[in-house]
Amino acid sequence: GDQVEQSPSALSLHEGTGSALRCNFTTTMRAVQWFRKNSRGSLINLFYLASGTKENGRLKSAFDSKERYSTLHIRDAQLEDSGTYFCAAVTGGYKVVFGSGTRLLVSP
Amino acid sequence: EAAVTQSPRNKVAVTGGKVTLSCNQTNNHNNMYWYRQDTGHGLRLIHYSYGAGSTEKGDIPDGYKASRPSQENFSLILELATPSQTSVYFCASGGNWGYYAEQFFGPGTRLTVL
């Protein structure tokens, strides 16, 4: 079935550094959405992409449907960026499949 | 700003009891969704709806029913709750009919079945 492989499963960053999260898809996806689950458990919308790249502050996301992946780049990480990040991909049949999440911990 | 609310925020139920989780959205979206999220897993789709009166089975519908009495409200019903249904449940709205658009999530309901 349609699957989303999200990596890494866990990530530790020091404040001011950066890294990238990645979701690989087993099939062509129509769109991808990125979320952060914060310490209160709420899902915060970060990006929705049908193609190309978007940038918002210290976050940047890219989606390549042909190559079957999406990335989320975090630069200059801050303590408040800690949380669990999820990607969710929209299949050709308009189903939504979530990745298993990346637990990010930003430390001083 | 999109607004999706859920009630209750926390619920403790007994095995075999009936549980109803409620969701309200003020986004005027046709599509609404119920997911559960378990530690170490992504969200999994239980039921969804294309509009008032419509309910569709998601990927893990067994043990759950759904009800969409109006555009704004979408309920998830556990007729006979079991401990395996202990989880965090998220409601979302977004898009119209069969077409996906950006989803907006409620704050989640933490359900514990003893």
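Each value in this text was obtained by applying a stated rule to the coordinates, not by laboratory testing. These figures come from a predicted structure and were not determined experimentally. Note: ideal-geometry Cβ built from the backbone for every residue, glycine included; neighbour counts use all protein chains shown.
The table for this structure:
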{"item": "Point-charge dipole on Cβ atoms (K/R +1, D/E -1) for region B:4-113, about Cα centre, debye to 20", "result": "260"}
{"item": "Net charge dipole size for region A:4-107 [Lys, Arg +1 and Asp, Glu -1 on Cβ; Debye, nearest 20]", "result": "280"}
{"item": "Inter-site label distance for A:Gln78 and B:Ile77 at 7 Å from Cα along Cβ, in nm", "result": "4.6"}
{"item": "For residues of B:35-44, the mean tally of beta carbons on other chains within 10 Å", "result": "5"}
{"item": "Rough spin-label spacing in nm, given labels placed 7 Å along Cα→Cβ, for B:Asn27 and A:Gln3", "result": "2.9"}
{"item": "Those residues of region A:64-104 whose amide nitrogen sits under 16 Å from the label point placed on A:Ala10, 7 Å along Cα→Cβ", "result": "A:82-85, A:100-104"}
{"item": "Size of charge dipole - the protein assembly as shown - debye, nearest 20, with Cβ of Lys, Arg +1 and Asp, Glu -1, no other charges", "result": "240"}
{"item": "Stretchable slack from A:Ser39 to A:Lys54, in nm (0.36 nm times residue separation minus alpha-carbon distance)", "result": "2.9 nm"}
{"item": "Residue list for region B:57-94, given a label point 7 angstrom along the Cα-to-Cβ vector of B:Ala3 and an amide N cut-off under 17 Å", "result": "B:71-74, B:92-94"}
{"item": "Bridge type composition, the protein assembly as shown - antiparallel percent by DSSP, nearest 5", "result": "90"}
{"item": "Euclidean distance of C-alpha centroids, region B:1-26 and region A:16-65, integer Å", "result": "27"}
{"item": "Of B:Lys11/B:Lys57; A:Lys54/B:Lys57; A:Lys60/A:Lys95; A:Lys54/B:Lys11, those spanning more than 30 Å from alpha-carbon to alpha-carbon", "result": "A:Lys54/B:Lys57; A:Lys54/B:Lys11"}
